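One structure is given below, encoded as structure tokens.
What follows is calculated from the coordinates using simple rules that are stated; it is not laboratory data. The shown structure was predicted, so the numbers you read here are calculated from the model rather than taken from an experiment. Cβ atoms come from the backbone with ideal geometry, glycine included; neighbour counts cover every protein chain shown.
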Amino acid sequence: MELFTARVCPYAHRSRLALLEKGLEFEHIEIDFKNKSARFLEASPYGKVPALVHNGETIYESLVINEYLDEVFPQPSLMPASAALRAKARIWIHYCDEYFTGDFYAVIHNKDHDQHAELTATVRDRLRFVENEAFARLPGDGPYWFGADVSLVDLAWYPFFERLPAWSHYRGLTIPDDCPRLAAWATAMKGRASVIEVANDEAYYIDNYKGYAGEVMAA
């Protein structure tokens, strides 16, 4: 099994975590975006990471890859047991990509001081929504999204939180104080063996997002 990936990419990060949580052996192929190989472009027609090659099949898009891995390698399961909770899991995965990530990256890409406060406020509101609609309502005592067991939801969201120190450094964006469950979840995820194995330190993200962020803007 081969995974085409890039260390800096949060989407590729998702699939690396899924493979590690499944305990699967795979070849990690780091992509040079300035010199994309024909082998990579064959596996990823979009020219984006991640892309997975397994048993002669190529799968791309991080969320699709992770669902594929959970179907083909069902143990340990990375989805809740009941149909209702699996539906809720898909809702929160959808919310991450449909509502959160675009707003999250808008903050770091923005160079207009006049828009800064509004953009960061939007992301904080997204995080409060997760706190109040996910962690305050879903069953289980944590520390993960659906209780004691990590799921595809956790793996979909966590890579952006590992990168949050760069957003804090350049834009003053942090987890709001009124989101204690979300903060506890991020801490729990940071301590998982799979996360530790592929983690980068804060300095790495601050350095690698400098080109996106430009100057520092106050919170």
*Amide H neighbours of Leu173 under 5 Å, at least 5 residues apart or on other chains, H built in the peptide plane: list them.*
Ser168
*Beyond 31 Å between alpha-carbons counts as too far, so tell me which of Lys48/Lys190; Lys34/Lys88; Lys88/Lys210; Lys36/Lys88; Lys36/Lys111; Lys22/Lys111 fall in that bin.*
Lys34/Lys88; Lys88/Lys210; Lys36/Lys88; Lys22/Lys111
*Arranged from highest to lowest average of other beta-carbon atoms within 10 Å per residue, in what order do the peptides 31-39, 156-164, 191-199 appear?*
156-164, 191-199, 31-39
*Under 19 Å from the 7 Å Cα→Cβ point of Gln115, by amide nitrogen: which residues of the stretch 157-197?*
167-168, 170-173
*To the nearest Å, what is the center-to-center distance of the stretch 124-176 and the stretch 54-96, using C-alpha atoms only?*
18 Å
*Would you work out the charge dipole size for the chain about its Cα centre, treating the Cβ of every Lys and Arg as +1 and the Cβ of every Asp and Glu as -1, and quote it to the nearest 20 debye?*
80 debye
*With labels modelled as points extended 7 Å from the Cα through the Cβ direction, what inter-label distance (nm, one decimal) is found for Arg7 paired with Ala203?*
1.3 nm
*Would you mind calculating the relative contact order of the stretch 2-72 from Cα pairs under 8 angstrom and at least 6 residues apart, reporting the percent as a whole number?*
37 percent
*Would you please classify the overall shape of the chain from the alpha carbon gyration tensor, given that a ≥ b ≥ c denote the square roots of the eigenvalues, rounded means a/c under 1.5, and beyond that prolate means a/b larger than b/c while oblate covers the rest?*
oblate
*asked:* Net charge around Arg171, counting only other residues with Cβ within less than 13 Å of its Cβ (Lys, Arg = +1; Asp, Glu = -1)?
replied: 0
*asked:* So for the chain, averaging the separation of alpha carbon pairs under 8 Å that are six or more residues apart and normalising by length, what relative contact order in percent results?
replied: 21 percent
_Ignoring everything except DSSP H segments at least 4 long, calculate the 222 nm mean residue ellipticity for the chain; use -39,500 (n - 2.57) per segment, divide by total residues, nearest 500._
-15500 deg cm²/dmol
